[in-house]
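Report on the following structure.
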Amino acid sequence: MELQTPLPNPDQTTIKRVLIGIFVVLVAQVLFVAQDVVMPMVLGLLIAQTLRPVVRFAEKRGVPSVASAFLIIVLLAGGLGFGAYSLSGPISDLVSSAPETGLKIREKFAEYRDEIAAVKEASEQVETLAQGTDTANVQKVVVQQPALLSAAASNAVVGLTTVVVALILAMFLLSTGTLFYEKIVGIMPLLSEKKRALRVIYDVERQVSRYLFTITLINAGLGVAIGTALWLYGMPNPVMWGCIAAVLNFLPFIGAWGGALAVAATAMVVYPTLGGALIAPAIYLGLTILEGNFLTPMIVGRRLELNIVAVFLTVTVWGWLWGLLGALMAVPLLVVIKVLCDNFESMSAFGQFLSGRPAIEDEEVPDEGKPG
């Protein structure tokens with residue numbers, strides 16, 4: 001009788017990882033395709049978490065959550081609308097004057113014109129050699145791109161719709177109080193699971209709302225500081241630059257440099273010398289560096305300190321999925337994921353990767369295990 005060798009069982013860990021990878025790809029596909037629906041919902045949840053401490057504060061002093069939520073959202077919508085209307089003129093002028101600004105910047109760098117021309121000529125020669133000699137009679141088709149202002153107007157309409165839907169959803173979430181939490185807890189079958197779910201929910205809410213509210217106040221303060229400093233230096237439209245700085249500060253890395261480059265481009269037109277024009281972006285960068293490296297870590301603390309690699313990857317992925325608004329929401333969403341990982345043991349390893357702290361603090365390492 002011939003014995004058959006049993007086939008080896010597939011590795012369950014490998015299968016699990018493959019299924020998780022497929023699930024992540026499917027979720028990313030859904031987020032990309034349904035961004036017009038999902039993005040306002042996510043933004044509304046973040047707004048609700050940010051403003052929940054204010055509603056809680058008013059509720060403790062006898063103000064019903066429905067009234068406080070409605071009043072807060074109306075005031076926020078009015079403030080955003082007034083700010084957008086006030087800044088629409090300066091921003092439109094800034095966009096429309098971009099060609100003139102480019103000409104003046106080229107005049108500032110006129111002394112480097114010969115070097116730039118040599119580099120450009122060399123690149124054109126390389127391109128000609130790469131295309132070959134038979135491309136002289138080839139007809140090139142150029143796709144005309146939409147005008148800058150029309151594209152900006154289209155994006156503004158989409159952004160306005162997203163913000164309006166998000167504000168309405170945030171008002172509903174804030175006005176219901178703990179009803180949403182009670183529905184989640186009611187799904188749990190056992191009393192122990194209900195208690196654990198309630199503890200996790202309130203822990204997540206407390207940490208996320210505290211972080212988002214604090215970061216929003218810090219960014220607003222940074223915008224005031226940058227606007228005031230640029231006003232003292234003589235930059236036009238300092239209120240606009242302060243608002244831009246406050247919004248872009250939600251975007252790590254790229255936000256500070258993008259705002260500084262925009263300030264530098266405008267300063268090139270305002271100030272006669274190159275040295276005087278570079279002081280304005282230096283002020284912008286200096287204040288953002290001071291905030292990012294000293295003020296925010298001191299106020300927020302190390303508990304929610306994030307891994308810089310994870311932050312960069314998150315901003316890149318969400319920017320690819322949802323554009324600028326997705327990149328602005330990337331870090332708050334990463335904080336939400338980090339807090340959830342800290343409250344579930346099965347996700348603790350991933351939460352440790354997201355953390356900016358070492359796995360073992362220095363005081364926990366034995367003396368004989370320390371280097372040197």
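The values are calculated or read from the model by the stated rules, or taken from the named source; none is laboratory data. As the structure is a prediction and not an experimental result, all values here were calculated from the model. Quick reminder, even Gly has a Cβ in these numbers, built from the backbone with ideal geometry, and neighbours come from all protein chains shown.
Yes or no: residue 258 at pLDDT 80 or above, surrounded by fewer than 16 Cβ atoms within 10 Å (Cβ to Cβ) and touching a helix residue (DSSP H, G or I) at 6+ places or on another chain (Cβ under 7 Å)?
Against the criterion (at pLDDT 80 or above, surrounded by fewer than 16 Cβ atoms within 10 Å (Cβ to Cβ) and touching a helix residue (DSSP H, G or I) at 6+ places or on another chain (Cβ under 7 Å)), residue 258 qualifies.
Can you name the number of the only condition in (1) crowded, with 21+ Cβ neighbours inside 10 Å; (2) touching a residue at least 40 places away in the same chain (Cβ under 8 Å) that residue 265 fails?
The one condition residue 265 does not meet is (1).
If I filter region 225-255 down to residues being among the aliphatic types (A, V, I, L, M) and within 15 Å of the chain's Cα centre (by Cα), which single residue comes out as surrounded by the most Cβ atoms within 10 Å (Cβ to Cβ)?
245
Any idea which residue in region 164-194 is modelled with the highest pLDDT, counting only those that are outside any helix (DSSP H, G or I) and under 16 Å from residue 44 (Cα atoms)?
176
Mind listing whichever residues of region 36-69 are in a helix (DSSP H, G or I) and of a type in the set (D, E, K, R)?
If the condition is that a residue be in a helix (DSSP H, G or I) and of a type in the set (D, E, K, R), then 36, 52, 56, 59, 60 are the ones that fit.
Go through region 268-312 and give me each residue that's surrounded by 14 or more Cβ atoms within 10 Å (Cβ to Cβ), more than 30 Å from residue 105 (Cβ to Cβ) and of a type outside the set (Gly, Ala, Ser).
Matches in region 268-312: 295, 296, 300, 304, 305, 306, 307, 311.
Every residue in region 9-47 that is over 24 Å from residue 157 (Cβ atoms) and touching a residue at least 24 places away in the same chain (Cβ under 8 Å), please.
Result: 28, single match.
Show the residue pairs that are 6+ apart or on different chains and have beta-carbon atoms under 8 Å apart, the first residue being within region 171-195 and more than 16 Å from residue 343 (Cα to Cα), the second being polar (S, T, N, Q) and part of a helix (DSSP H, G or I).
Between residues of region 171-195 that are more than 16 Å from residue 343 (Cα to Cα) and residues that are polar (S, T, N, Q) and part of a helix (DSSP H, G or I), the close pairs are 174/65; 174/68; 175/65; 176/65; 177/65.
Filter region 195-224 for residues that are of a type in the set (Phe, Trp, Tyr) and surrounded by fewer than 17 Cβ atoms within 10 Å (Cβ to Cβ); which is modelled with the highest pLDDT?
If we take residues in region 195-224 being of a type in the set (Phe, Trp, Tyr) and surrounded by fewer than 17 Cβ atoms within 10 Å (Cβ to Cβ), then 213 is modelled with the highest pLDDT.
Would you check if residue 90 is in contact with a Lys or Arg (Cβ under 8 Å, 6 or more places away or on another chain) and either surrounded by 15 or more Cβ atoms within 10 Å (Cβ to Cβ) or in contact (Cβ under 8 Å) with a residue 24 or more places away in the chain (or both)?
So residue 90 does not fit the description; no.
For region 63-85, state whether one or more residues are at pLDDT below 85 and in contact with a helix residue (DSSP H, G or I) (Cβ under 9 Å, 6 or more places away or on another chain).
The answer is yes, given that some residue of region 63-85 is at pLDDT below 85 and in contact with a helix residue (DSSP H, G or I) (Cβ under 9 Å, 6 or more places away or on another chain).
Across region 86-102, which residue is farthest from residue 213 (Cα to Cα) among those that are among the hydroxyl-bearing types (Ser, Thr, Tyr), assigned to a helix (DSSP H, G or I) and modelled with pLDDT under 80?
Ranking the candidates gives 101 first.
Going through region 66-85 one residue at a time, which ones are over 17 Å from residue 157 (Cα atoms), surrounded by 12 or more Cβ atoms within 10 Å (Cβ to Cβ) and not β-branched (Val, Ile, Thr)?
67, 68, 69, 70, 71, 76
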